[in-house]
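Student: Once you've had a glance at the structure underneath, I'll fire off some questions.
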Amino acid sequence: MCESCGAKLSRRRALTGLGISVLGMTALGATISAAPASAATLKNAAWCNPALGRFPDGGHYGAPRPGGPHAGQDVTNSTGTAVYAAAAGTVIRRSWGGGLGGRTGNAIVLSHGGGIYTYYGHLDAYRVALGKSVSAGQRIADMGATGNVTGPHLHFEVHSGGLGPTVNPVPFLAARGVDLGGGWPRIDPGARGATVTVIQHLLNQRGSELVADGNYGSVSVTAVKRFQQTNGLADDGQVGPATWPKLVPSLNQGARGHHVRGLQVALNKRSAGLLVDGEFAGVTATAVRDFQRANRLVADGNAGPITWRALVG
């Protein structure tokens, strides 16, 4: 974990961290501006998990450091593990420590607009250039152990209200339907994007006749609710940890159909660059194995629940 990565909390943020619940979770040092008017509306598929791994002891937000409380959440995995953009944005910094005080190691800072920034630290390698626009889920770097650390990990920060004031990334992402480090996402009605397109393709494989347009509108919501009812689930229209495992299939090379299209769209969100043709042939199998290796999963080329969860998370 980070030996440094400390940043002093402002008085305002320190006061909010004394027990005030933000988004239903107590977030040490979270700013008031991080609390949305309605958390459900934020689960719109615009955010995703930046890296697969575990939370190391002492790597949590607010953990004591010589230079001040830990400003992010550490996610541990081996050197070379893929690091992805948590949301669409622009690479505004790609340098040692990201040009921010108290940080060390190779780092990237993304600007997402609206005063929201994300920081990715201790990187082993960059995969995107300074000034480039990136999409949510695009691979931007490799996890590493550069700087003042005890082992390889991603140091992940969220800045809200400008570049400087940090918030706890775990509840911040949870409010947006993302389980930092791993886990199924939560997608609410009104969401848009590639993950919604994946859902539509998977539903079409099960008999729906949806336009796979990435818009989680009323027609797609009705199809999800019907699927949930059929499978004995709460028909709330949210595609979350209860619905995903019943929706995703286990796919092997040679499969074909709408579910393979869903797999290809999910892989493309993670930078695969596949033709979405519904054919699980050699190129798609190679892309699955490459994704599995990049995320330290069993690289067997088969898309099972663990691989699906990493892809859509």
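The values are calculated or read from the model by the stated rules, or taken from the named source; none is laboratory data. As the structure is a prediction and not an experimental result, all values here were calculated from the model. Counting neighbours? That spans all protein chains shown, and the Cβs are built from the backbone with ideal geometry, glycine included.
Student: Restricting the search to the range 46-76, which residues are surrounded by 21 or more Cβ atoms within 10 Å (Cβ to Cβ) and of a type in the set (S, T, N, Q)?
Tutor: Correct list: N49, Q73.
Student: Just the residues that are part of a loop (DSSP other than H, G, I, E, B) and within 23 Å of R296 (Cβ to Cβ), please, taken from the range 152-177. Let's see the steps before the verdict.
Tutor: Within the range 152-177, the first condition is being part of a loop (DSSP other than H, G, I, E, B), and the residues that meet it are 152, 161-165, 168, 175-177.
Of everything in the range 152-177, just one residue is part of a loop (DSSP other than H, G, I, E, B) and within 23 Å of R296 (Cβ to Cβ), namely P152.
Student: Out of the residues in the range 50-97 that are aliphatic (A, V, I, L, M) and more than 15 Å from R270 (Cβ to Cβ), state the one that is nearest to the chain's Cα centre (by Cα).
Tutor: Of all residues in the range 50-97, those aliphatic (A, V, I, L, M) come to 51-52, 63, 71, 75, 82-83, 85-88, 91-92.
Checking the rest, the ones that are also more than 15 Å from R270 (Cβ to Cβ) come to 63, 71, 75, 91-92.
Values: A63: 22, A71: 18, V75: 12, V91: 17, I92: 19 Å.
That would be V75.
Student: Please go through the range 100-131 and pick out each residue that is touching a residue at least 60 places away in the same chain (Cβ under 8 Å) and in a strand (DSSP E or B).
Tutor: Passing the criteria: T118, Y120, G121, H122.
Student: For the range 264-276: of the residues being surrounded by 22 or more Cβ atoms within 10 Å (Cβ to Cβ) and without any contact (Cβ under 8 Å) to a residue 60 or more places away in the chain, which is nearest to R139 (Cα to Cα)?
Tutor: For the range 264-276, the residue satisfying everything is L267.
Student: I would also like to ask the following. So, in the range 195-212, of the ones that are touching a Ser or Thr at 6+ places or on another chain (Cβ under 8 Å), among the aliphatic types (A, V, I, L, M) and not in a loop (DSSP other than H, G, I, E, B), which residue ends up farthest from R309 (Cα to Cα)?
Tutor: L203
Student: Between R176, R127, which is among the charged types (D, E, K, R) and farther than 24 Å from R192 by Cα? Walk me through it before giving the result.
Tutor: Numbers: R176 fails: farther than 24 Å from R192 by Cα.
The match here is R127.
Student: Test L130 against the stated conditions and say whether it is at pLDDT 95 or above and over 26 Å from N268 (Cβ atoms).
Tutor: Values: at pLDDT 95 or above: yes; over 26 Å from N268 (Cβ atoms): no.
Spelling it out, it is not the case that L130 is at pLDDT 95 or above and over 26 Å from N268 (Cβ atoms).
Student: Here is a follow-up. With the requirement that a residue be outside any loop (DSSP other than H, G, I, E, B) and over 15 Å from A71 (Cα atoms), what does the range 132-151 give you?
Tutor: Selection gives S133, V134, R139, I140, A141, D142, M143, G144.
Student: Residues in the range 145-156 that are small (G, A, S) and touching a Gly at 6+ places or on another chain (Cβ under 7 Å): how many? Explain how you work it out, then say what you get.
Tutor: Our first condition is that a residue be small (G, A, S); within the range 145-156, this holds for 145, 147, 151.
Checking which are touching a Gly at 6+ places or on another chain (Cβ under 7 Å) leaves us with 145, 147.
Qualifying residue count, the range 145-156: 2.
Student: Within the range 201-242, restricting attention to residues that are in contact with a helix residue (DSSP H, G or I) (Cβ under 6 Å, 6 or more places away or on another chain) and more than 19 Å from R261 (Cβ to Cβ), which residue is surrounded by the most Cβ atoms within 10 Å (Cβ to Cβ)?
Tutor: This residue is G237.
Student: May I pose another question? Identify, from the list A174, A125, A145, A191, the residue that is surrounded by fewer than 21 Cβ atoms within 10 Å (Cβ to Cβ) and out of contact with any Ser or Thr (no Cβ under 8 Å at 6 or more places or on another chain). Write out each step before concluding.
Tutor: Numbers: A174 fails: surrounded by fewer than 21 Cβ atoms within 10 Å (Cβ to Cβ); A145 fails: out of contact with any Ser or Thr (no Cβ under 8 Å at 6 or more places or on another chain); A191 fails: surrounded by fewer than 21 Cβ atoms within 10 Å (Cβ to Cβ).
None of the others qualify; the one that does is A125.
Yes or no, residue by residue, for (1) over 20 Å from the mean Cα position of the chain (by Cα); (2) within 30 Å of G144 (Cα to Cα); (3) modelled with pLDDT of 95 or more; (4) in the same structural domain as Q205 (by TED's automatic domain parsing):
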residue: T243; (1), (2), (3), (4): no, no, yes, yes
residue: V248; (1), (2), (3), (4): no, no, yes, yes
residue: G257; (1), (2), (3), (4): yes, no, yes, yes
residue: R261; (1), (2), (3), (4): yes, no, yes, yes
residue: V265; (1), (2), (3), (4): no, yes, yes, yes
residue: V276; (1), (2), (3), (4): yes, no, yes, yes
residue: G282; (1), (2), (3), (4): yes, no, yes, yes
residue: R296; (1), (2), (3), (4): no, yes, yes, yes
